[in-house]
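**Q** Before we start, here is the structure in question, set down as structure tokens.
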Amino acid sequence: MSERLGFYFDQSLCTGCKACQIACKDKHDTPLGVNWRRVVEYSGGSWQVLDDTFSPRVFAYYTSIACNHCEDPICVRVCPTTAMTVRDDGTVFVDEAKCVGCRYCEWACPYSAPQFNVESGHMSKCDLCYDYRQEGQDPACVAACPSRALDWGPLAELEERYPGAVRSVAPLPDPSITEPNLLVRPHRDAQPVGSGVGSIANPKEI
């Protein structure tokens, strides 16, 4: 197997414009309700009392998320038909010839990466734009980001290129579940995973 590929995301640069989400949807022509890449709005905070004076301590930031092509992809483990497969480059894809649309992978994935396509009756998901990569192009989401908050490549190279990036930040799930091939540069107000301090402000969009 070649070097594992993954994504890098800079929370500090993301403005929540959703250009990555739109580019992905346009490129793959997914039906309504199927979004392989989604932008999560996370916010929270409270009041701080100092010398009988109340001042707001609030935060808000965005997280662009798609399939993380995990080291331990739970979607592959739960698939009863072996439709979920790991390619030689470590990316996870769906073999629609084998998929029966049982949705086990969808329920198991903590990132909601596999999504049911009602038009085909099969699961679908990000494959890190396999066709584009074969032509030497960047994935559609990476190329579309106007603030250059997204990058991709072999995980070892991303770790070298972006020192200080982490695997764990709210609102993402605990990385120990699937060991995602995802690196994040946290926003200045980023909260720890499981802190419960903030909440997702756009649940209907993701």
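**Q** Provide, for q = 0.10, 0.11, 0.14, 0.18 Å⁻¹, the log10 of I(q)/I(0) from a solvent-free Debye sum over equal Cα point scatterers in the chain.
**A** Calculated log10 I(q)/I(0) at the listed q: -0.43, -0.52, -0.82, -1.35.
**Q** Restricting to DSSP H runs of at least four residues, report the calculated mean residue ellipticity at 222 nm for the chain, -39500 (n - 2.57) per run over all residues, nearest 500 deg cm²/dmol. Before the final figure, lay out each step's value.
**A** Working: 6 runs with 37 residues, N = 206.
Per the formula, -4000 deg cm²/dmol.
**Q** Let me ask you something else. Placing unit charges on C-beta atoms (Lys and Arg positive, Asp and Glu negative, everything else neutral), compute the dipole magnitude of the chain about its Cα centre in debye, rounded to 20. Before the final figure, lay out each step's value.
**A** Working: 19 positive and 27 negative charges, 77 e Å.
Using Cβ point charges on Lys, Arg, Asp and Glu, the chain gives about 380 debye.
**Q** So, one more: Between Q137 and V78, what is the label-point separation in nm under the 7 Å Cα-to-beta-carbon projection?
**A** Between V78 and Q137, the simple spin-label model gives 3.3 nm.
**Q** With the cut-off at 20 Å, tell me which of the pairs K98/K125; K98/K204; K25/K125; K25/K98 have Cα atoms farther apart than that.
**A** Details: K98/K125 15 Å; K98/K204 30 Å; K25/K125 11 Å; K25/K98 24 Å.
Violating the 20 Å Cα-Cα cut-off are K98/K204; K25/K98.
**Q** Right, something else. Go ahead and collect, in residue order, the members of region 48-70 whose backbone nitrogen is under 15 Å from a label point 7 Å along the Cα-Cβ direction of R188.
**A** Under cut-off, by backbone N: 57-62.
**Q** Among the trypsin sites (Lys or Arg not before Pro) in region 156-206, which ones are in a DSSP loop with at most 13 other Cβ atoms within 10 Å of the Cβ? Mind listing them?
**A** Numbers: sites: R161, R167, R188, K204; in loops: R167, R188.
In loop regions of region 156-206 (DSSP not H, G, I, E or B), the sparsely surrounded trypsin sites (Lys or Arg not before Pro) are R188.
**Q** Given the options D127, D52, D174, state which has the largest fluctuation in a GNM of the chain using a 10 Å cut-off (strictly under) for Cα springs.
**A** Taking springs between Cα atoms under 10 Å, the residue moving most is D52.
**Q** For the chain, modelled as a GNM with alpha-carbon contacts under 10 angstrom, which of P56, P73, P175 fluctuates the most?
**A** P56
**Q** Longest exposed-loop-site-free stretch of the chain, with GluC sites (Glu not before Pro), DSSP loop and at most 16 other Cβ within 10 Å?
**A** Working: sites that count: E3, E71, E96, E119, E135.
Longest gap between qualifying sites, sites excluded: 136-206.
**Q** Can you give me the Cα centroid spacing of region 10-77 and region 85-121 in angstrom?
**A** 21 Å
**Q** If contacts are Cα pairs under 8 angstrom and at least 6 residues apart, what is the relative contact order of the chain in percent? Let's see the in-between values first.
**A** Working: 416 pairs, mean separation 64.9, N = 206.
After rounding, I find 32 percent.
Every number in this text was worked out from the coordinates using simple rules, so none of it is lab data. Bear in mind the structure is a predicted one, so any value in this text is a computation, not a measurement. As a convention, Cβ positions derive from the backbone with ideal geometry for all residues, glycine included, and neighbour counts pool all protein chains shown.
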